[in-house]
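The values are calculated or read from the model by the stated rules, or taken from the named source; none is laboratory data. No experiment lies behind these values; they were computed from the predicted model shown. Because the Cβ atoms are built from the backbone with ideal geometry, glycine has one as well, and the counts that use them run over all protein chains shown. Please note that ligands, DNA and RNA were not included when accessible areas were found on the heavy atoms of the full protein model with its side chains. Shrake-Rupley method; radii C 1.70, N 1.55, O 1.52, S 1.80 Å.
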Amino acid sequence: ALYPNMNAADPVWAKLMRDVRFRRALSLGVDREAVNESLYFGLAIMGNNTMLPGSPLYRKAYQKQWAEYDPDLASELLDQIGLTEYNDDDIRLMPDGRPLEIIIETAGEDTEQTDVLELVSESWAEIGVKLYIKPSQREVFRNRIFSGQALMSIWSGLENGIASAQTNPQELAPRSQQQLMWPKWGQHYQTSGKVGQAPDMPEAQELSTLAAEWIESADPARKEEIWHRMLAIHADQVYSIGVIAGVLQPVVVKHGVMNVPKEGIYNWDPGAHFGIYRPDTFWLDR
């Protein structure tokens, strides 16, 4: 997923990042099919950063809203914002006259993210947006996001894509500085308001309220309602721009190692990768 930084230090960029039309336009401008076919043999799931089909909370609308490739609609939304002027390279101009050049920062730990961004760059160029890739070390990467110096970043999507209504929805609310789309809001929550910034966008405030209500509620039906409302807000507001999900992870198992599932979930949360399948029950057939 791509993470527009709502807490960007540059005031012109911050205003753009906070405009939902801008985030929707960037999402509509991503040719996810090109990414899927070129890098994942067409086997990945294309769409928003949301629940996977294996989750009881999955809805196709959450996956597809503002996530179908539509450069014409993306251009229309950018025009509505007022980004109608272009430079000689057919790149739109920002309100202060600077070209609309987005630097997306990566932790520089693998080539997969860079390969994805190269393809996103091609489709964004069609709507007048220039993309630059800036790799750095993970610590530098995080500090630039935390400080608001980074405009946008690329990272893995939601950690738990198969959550249920009984799973804490804190990933969807501004609750941690590690959340790359609103680090200062998350820091404000983690420090009880001592540092950072309080969320000042109504939908983000609602996410905080809903997350608190989920913790206090003992009603399973209400917990499910809260989850769906939070997922609907994310799909509509595009706080993160999902690209692909559900990528298959091949795992090699030596002959004779028994009780390893042929198919399963390979993820840290839930399950600690193999932990969910109780490796203490694996055995060797001699």
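A few remarks follow.
- Additional length obtainable on full extension of the chain from ASP10 to ARG59, 0.36 nm per residue less Cα span: 14.1 nm
- For the chain, the longest principal axis of the Cα atoms and the long axis of helix 138-147 meet at an angle of about 50 degrees.
- Dipole in debye (nearest 20) - the range 2-159, about Cα centre, beta carbon charges: Lys, Arg +1; Asp, Glu -1: 840 debye
- Rounded to 5, percent antiparallel among DSSP beta bridges of the range 1-147: 25 percent
- Lysines whose Cα lies under 28 Å from that of LYS194, excluding same-chain neighbours fewer than 8 positions away: LYS15, LYS184
- Residues of the range 178-196 with amide N under 16 Å of the 7 Å Cα→Cβ point at ALA212: 185-194
- Share of carbon and sulfur in the accessible heavy-atom surface of the chain [1.4 Å probe, %]: 51 percent
- The range 143-205, relative contact order [Cα under 8 Å, separation at least 6], %: 22 percent
- Length-normalised contact order for the chain - Cα pairs under 8 Å, 6+ apart - percent: 27 percent
- At R0 = 41 Å, FRET efficiency that the Cβ-Cβ distance of VAL195 and ASP219 yields, to 0.05: 0.75
- For THR106, nonlocal amide neighbours, meaning residues 5 or more places apart or on other chains whose placed amide H falls under 5 Å from its own, are LYS134, SER136.
- From the coordinates shown, mean projected area of the Cα convex hull in nm² corresponds to which of [x] 16.1; [y] 18.9; [z] 16.9: [z]
- The relative contact order of the range 196-286, computed from alpha carbon pairs under 8 Å that lie at least 6 residues apart in sequence, is 19 percent.
- What you get for the chain, charging only the Cβ of Lys and Arg (+1) and of Asp and Glu (-1), is a dipole of about 1000 debye around the Cα centre.
- Taking amide H positions as modeled 1.01 Å from N, with prolines and chain starts lacking one, the residues under 5 Å from ASN267 and 5 or more places away or on another chain are HIS273.
- Acute angle (nearest 10 degrees) that the helix 71-81 long axis makes with the longest principal axis of the chain, alpha-carbon atoms: 50 degrees
- Listed residues ALA125, LEU43, SER176: farthest to the positive end of the dipole of the chain (Cβ charges): SER176
- Hz values of 3J(HN,Hα) by residue in the range 228-234 - Karplus curve (6.51, -1.76, 1.60), Gly and Pro given as x: 5, 5, 5, 5, 5, 4, 5
- Estimated FRET transfer efficiency (ASP115, GLU159; beta-carbon r; R0 22 Å; 0.05): 0.50
- Label separation (PHE274 vs LEU248): 2.1 nm, computed from points 7 Å beyond Cα along the C-beta direction.
- Compared with the dominant principal axis of the Cα atoms in the chain, helix 111-125 is inclined by about 40°.
- Distant alpha-carbon pairs in the range 142-276 (separation over 23 angstrom), percent: 45 percent
- Listed by chain and number, the aspartates and glutamates placed with their C-alpha closer than 14 angstrom to that of LYS223 are GLU213; residues fewer than eight positions away on the same chain are left out.
- Across the range 171-185, computed HN-Hα scalar couplings (Karplus, 6.51 cos²θ - 1.76 cosθ + 1.60, θ = phi - 60°) run 4, 8, 10, x, 10, 8, 5, 6, 7, 6, 8, 8, x, 6, 5 Hz from first to last residue, x flagging Gly and Pro.
- Only helical runs count toward this figure. For the chain, summing -39,500 (n - 2.57) over DSSP H runs of n ≥ 4 and dividing by all residues gives -11500 deg cm²/dmol at 222 nm.
- The HN-Hα couplings worked out from phi for the range 250-260 by the Karplus form 6.51 cos²θ - 1.76 cosθ + 1.60 (θ = phi - 60°) are x, 10, 8, 10, 5, 3, x, 7, 9, 6, 8 Hz, whole numbers, x standing for Gly and Pro.
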